[in-house]
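The values are calculated or read from the model by the stated rules, or taken from the named source; none is laboratory data. What you are looking at is a predicted structure, and each value in this text was computed from that prediction instead of being measured. As a convention, Cβ positions derive from the backbone with ideal geometry for all residues, glycine included, and neighbour counts pool all protein chains shown.
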Amino acid sequence: MNKVSVGIITIHRIFNYGSIFQAYALQHVCNVLNMRAEIIDYIFPNSWQVLRAKAYEQDWKSKDGMSFICSLKHKFLKFLFCFALYRQHREMRKCMSRFLVLSSGRYASPGEIKQAPPKYDVYMSGSDQIWNPRYCKCDPAFLLHFAPEEAVKVAYGSSFGVNSIEGGEEKELYRKLLQRFSHISVREQSGVDLVRRLSDRNASLVLDPTLLLDEKDWDSIATSRRLVNEKYILCYYLNYSFNAFPYVNKLADYIRKYTGWKIVYMARPPHRVFNPGTIFKVGASPAEFLALIRDAELVLTTSFHGTAFAVNYNRPLYSVVSDRNASDSRQVNLLNSLGLSHRILSIHEEFPEMSDLLDCPYIESNKRLEELRQISINYLSEVCQQVWKR
């Protein structure tokens, strides 16, 4: 039986551990299911999105506004850690080159890929926040506008990252293009609801691709040696969606005083450089990123993929969110579905009791994760079976 060719469009070239690994995981699982998958080499961000961003700039300015002093501090810290960031980016490029199978064509705009689309049996919009209007500016390529009308079009775990689409033009774009899909699955319950409101289509709820692989799969990529010999709290903070500072720094200090564990900062330059008992791993490679999560006593993170990998490695964690009641919170959706809602912290809440610090049993959540994993893999398998029958 010939293998089904699959072209996956997703965010795969940015310097973000989660983006790289979700692209790899989806490609890998498709290949295991006897498909021949590759990542469509679509540039993000591209010039079309940069121009489009001007229409959104004012809407978000008040939410993300950074004072002049904070801006200077941010630039200074980036300069201070410039060599670590250079190493991180170099290692990420190596990881992309080693693990991602890319299309022969590279595309730099929606118009370019529409004019000369690559040819596959199945066109798949991948996971990550590719349908987020804020980040991707309603780029129609992520909604497969370039795929031929008669082609099989599939969404796997695509994320809006918001619970509503504003603007008549944007709503019409999503409505029109979502109705062209053969199969739609999303990563959050809020996405299921939004697809229904936008297009009157039903969407399946599936896991992020990184959770389709288990810890043994990720250990085959992770650095095998321990990178920090002492016990440590791993802090992985991203500021894309909200500003969790100074809450998260105070939380780490609070736990360190109780436990005596070191604090390890990863991925981004920290807000505080001079902090006793702190180790900086800003330059961590993707393989080291996995190892640092695997070997941590506790993971503190504002990141969805930081949360996902802590869960996969069964590490005690606190996933810090802006609002635990927000319907579009990716971490909240994931941890609630696994029965780990007590490991969610809002930046408006008091710190947890120290007696609860390591109360993170994974026996029942692992059973639920395995059930969700099978549901998600079956979704992909059924898509492949239907293509073979055509």
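Computed values, structure above
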{"item": "Hey, residue 335 in a strand (DSSP E or B) and surrounded by 14 or more Cβ atoms within 10 Å (Cβ to Cβ) or not", "result": "no"}
{"item": "Test result for residue 222, closer than 23 Å to residue 126 by Cβ, assigned by TED's automatic domain parsing to the domain that holds residue 335 and under 17 Å from the mean Cα position of the chain (by Cα)", "result": "no"}
{"item": "Hey, residue 351 under 29 Å from residue 231 (Cβ atoms) and part of a helix (DSSP H, G or I) or not", "result": "no"}
{"item": "Odd one out for residue 243, checked against (1) in contact (Cβ under 8 Å) with a residue 12 or more places away in the chain; (2) surrounded by fewer than 20 Cβ atoms within 10 Å (Cβ to Cβ)", "result": "(1)"}
{"item": "Top-ranked residue of the stretch 35-54 - restricted to ones that are without any contact (Cβ under 8 Å) to a residue 40 or more places away in the chain and farther than 26 Å from residue 385 by Cα, ranked as surrounded by the most Cβ atoms within 10 Å (Cβ to Cβ)", "result": "45"}
{"item": "Residue 5 vs. criteria more than 16 Å from residue 382 (Cβ to Cβ), touching a Phe, Trp or Tyr at 6+ places or on another chain (Cβ under 6 Å) and not aromatic (Phe, Trp, Tyr)", "result": "yes"}
{"item": "Test: residue in the stretch 161-177 that is over 19 Å from residue 15 (Cα atoms), of a type in the set (S, T, N, Q), surrounded by fewer than 21 Cβ atoms within 10 Å (Cβ to Cβ) and modelled with pLDDT of 95 or more", "result": "no"}
{"item": "Any chance residue 187 is touching a Ser or Thr at 6+ places or on another chain (Cβ under 9 Å), modelled with pLDDT under 95 and not hydrophobic (A, V, I, L, M, F, W, C)", "result": "yes"}
{"item": "Those residues of the stretch 319-341 which are under 20 Å from residue 351 (Cα atoms) and of a type in the set (D, E, K, R), in sequence order", "result": "323, 324"}
{"item": "Residue 368 in contact (Cβ under 8 Å) with a residue 60 or more places away in the chain and among the charged types (D, E, K, R)", "result": "no"}
{"item": "Selection within the stretch 81-115 - within 24 Å of the chain's Cα centre (by Cα) and acidic (Asp, Glu)", "result": "91"}
{"item": "Number of the exception - residue 320 against (1) at pLDDT 95 or above; (2) surrounded by 19 or more Cβ atoms within 10 Å (Cβ to Cβ); (3) outside any strand (DSSP E or B)", "result": "(3)"}
{"item": "Within the stretch 111-158, tally of residues that are of a type in the set (D, E, K, R), outside any loop (DSSP other than H, G, I, E, B) and touching a strand residue (DSSP E or B) at 6+ places or on another chain (Cβ under 6 Å)", "result": "1"}
{"item": "Residue list for the stretch 137-160, filter: surrounded by fewer than 23 Cβ atoms within 10 Å (Cβ to Cβ) and among the charged types (D, E, K, R)", "result": "137, 149, 150, 153"}
{"item": "Some residue of the stretch 302-315 being in a strand (DSSP E or B) and either within 15 Å of residue 235 (Cα to Cα) or touching a strand residue (DSSP E or B) at 6+ places or on another chain (Cβ under 8 Å) (or both)", "result": "no"}
{"item": "Per-region count, the stretch 331-386, residues closer than 25 Å to residue 244 by Cβ and not aliphatic (A, V, I, L, M)", "result": "21"}
